[in-house]
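Down below is the structure, laid out as structure tokens.
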Amino acid sequence: MIVNTRPRLLSDKLIELSNNLNLEILNAHLSEIVSLDLEQDFQSSAGYLNKISAYKNIIFTSQASAEIGLRILQKNISIDLDILKIFSIGPATKQILLKKGIDSISPNESSSRALLELIQEKYPGRNLLFCGDNSNKFLQKNLNNLDEIICYKLKFNAQNIKKITKNHKVILIYNFLTFDFIYKSVDPLFLDKKILVTASKRIKNKIEMLVKNKDLQVFAAKEPTDKSMLDLAKSFI
């Protein structure tokens, strides 16, 4: 059986796809997405919204940042978003924005590096990035003229780990923090003979650096999408 560790808010597409493919999925939502726009930590970043006209590019690096960040923008600014360039890191994030009537620009490859190169080469200017506290910080470190709004955080739920048993062979890992949470919460033997399917090679490499376990197999999907991850996961069951 395949284990879905995604937050409930981001699991609808995965559940729909698994039903269409007749795949049995255990939904062990190990985290939930908590919006930060009403919390004190967010207020220190809210000043960027008051000078929104100074930006040329708005960047969303995840589905959650698109959902929450777009809501924050529409609630707090008065200018038309059509005058700004809107970027999404990949097809899943792009689809979230399309549902809201916004056609964003995405790189050909779903990665922070590809997005960085696209903006540097074709869209110079001041950038405002929406992300979560689980951001890999690649764009923040490498893209000039960038301000960051952390608009959500992941809150982990240790109770849901108990749903995963030795009979659950394949675990979907969409970000490194989720694996790190599992690794710190369970007995090391729990991971023996498990197969992890990750959303990117970067996550795969970080896991392999952390865990020197010959019985733990880690594979990266071709794309960071639910379909790509399920296609890979079903090959192991």
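So that you can scan it fast, the table gives a plain yes or no per residue for (1) closer than 21 Å to Phe176 by Cα; (2) more than 16 Å from the chain's Cα centre (by Cα); (3) assigned by TED's automatic domain parsing to the domain that holds Thr225:
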{"residue": "Arg6", "(1), (2), (3)": "yes, no, yes"}
{"residue": "Leu10", "(1), (2), (3)": "yes, no, yes"}
{"residue": "Glu16", "(1), (2), (3)": "no, yes, yes"}
{"residue": "Asn19", "(1), (2), (3)": "no, yes, yes"}
{"residue": "Leu23", "(1), (2), (3)": "no, yes, yes"}
{"residue": "Leu26", "(1), (2), (3)": "yes, yes, yes"}
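Among residues of the range 197-237 being of a type in the set (Lys, Arg) and touching a residue at least 24 places away in the same chain (Cβ under 8 Å), the one that is nearest to Tyr174 (Cα to Cα) is Arg202.
Residue-wise test of (1) in the same structural domain as Glu67 (by TED's automatic domain parsing); (2) of a type outside the set (S, T, N, Q); (3) under 16 Å from the mean Cα position of the chain (by Cα).
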| position | (1), (2), (3) |
| --- | --- |
| Glu121 | yes, yes, no |
| Gly125 | yes, yes, no |
| Asn136 | yes, no, yes |
| Lys169 | no, yes, no |
| Leu172 | no, yes, yes |
| Phe181 | no, yes, yes |
| Lys184 | no, yes, no |
| Asp187 | no, yes, no |
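Among the residues of the range 158-175, the ones that are surrounded by 14 or more Cβ atoms within 10 Å (Cβ to Cβ), within 30 Å of Asp37 (Cα to Cα) and touching a Ser or Thr at 6+ places or on another chain (Cβ under 8 Å) come to 4 in all.
Across the range 176-210, the qualifying residues are those that are surrounded by fewer than 16 Cβ atoms within 10 Å (Cβ to Cβ) and touching a strand residue (DSSP E or B) at 6+ places or on another chain (Cβ under 9 Å), and the one among them that is nearest to Val3 (Cα to Cα) is Lys193. Any residue in the range 135-149 that is of a type in the set (Gly, Ala, Ser), touching a residue at least 24 places away in the same chain (Cβ under 8 Å) and farther than 27 Å from Ile105 by Cα? There is no residue in the range 135-149 that is of a type in the set (Gly, Ala, Ser), touching a residue at least 24 places away in the same chain (Cβ under 8 Å) and farther than 27 Å from Ile105 by Cα. Within the range 69-105, restricting attention to residues that are within 15 Å of the chain's Cα centre (by Cα) and small (Gly, Ala, Ser), the residue that is modelled with the highest pLDDT is Ser88.
For Lys201, the stated conditions do not hold, so it cannot be described as under 16 Å from the mean Cα position of the chain (by Cα), of a type outside the set (Gly, Ala, Ser), over 26 Å from Leu23 (Cβ atoms) and outside the structural domain of Phe87 (by TED's automatic domain parsing). Starting from residues that are among the hydrophobic types (A, V, I, L, M, F, W, C) and assigned to a helix (DSSP H, G or I), keep the ones in the range 35-68 and report whichever is modelled with the highest pLDDT. Selected residue: Ala66. Pairing residues of the range 173-196 that are touching a residue at least 40 places away in the same chain (Cβ under 8 Å) with residues that are surrounded by fewer than 14 Cβ atoms within 10 Å (Cβ to Cβ) and in a helix (DSSP H, G or I), at Cβ distances under 6 Å and at least 6 apart in sequence or on separate chains, gives Ile195/Phe236. The single condition from (1) closer than 23 Å to Leu232 by Cα; (2) of a type outside the set (S, T, N, Q); (3) assigned to a strand (DSSP E or B); (4) within 15 Å of the chain's Cα centre (by Cα) that Glu32 fails is (1). Any residue at all in the range 207-217 that is under 21 Å from the mean Cα position of the chain (by Cα), outside the structural domain of Ser111 (by TED's automatic domain parsing) and of a type in the set (D, E, K, R)? Looking through the range 207-217, at least one residue is under 21 Å from the mean Cα position of the chain (by Cα), outside the structural domain of Ser111 (by TED's automatic domain parsing) and of a type in the set (D, E, K, R).
The values are calculated or read from the model by the stated rules, or taken from the named source; none is laboratory data. Being a predicted model, the structure only gives us computed values, none of them experimental. Cβ sites come from the backbone with ideal geometry, for glycine too, and all protein chains shown count toward neighbours.
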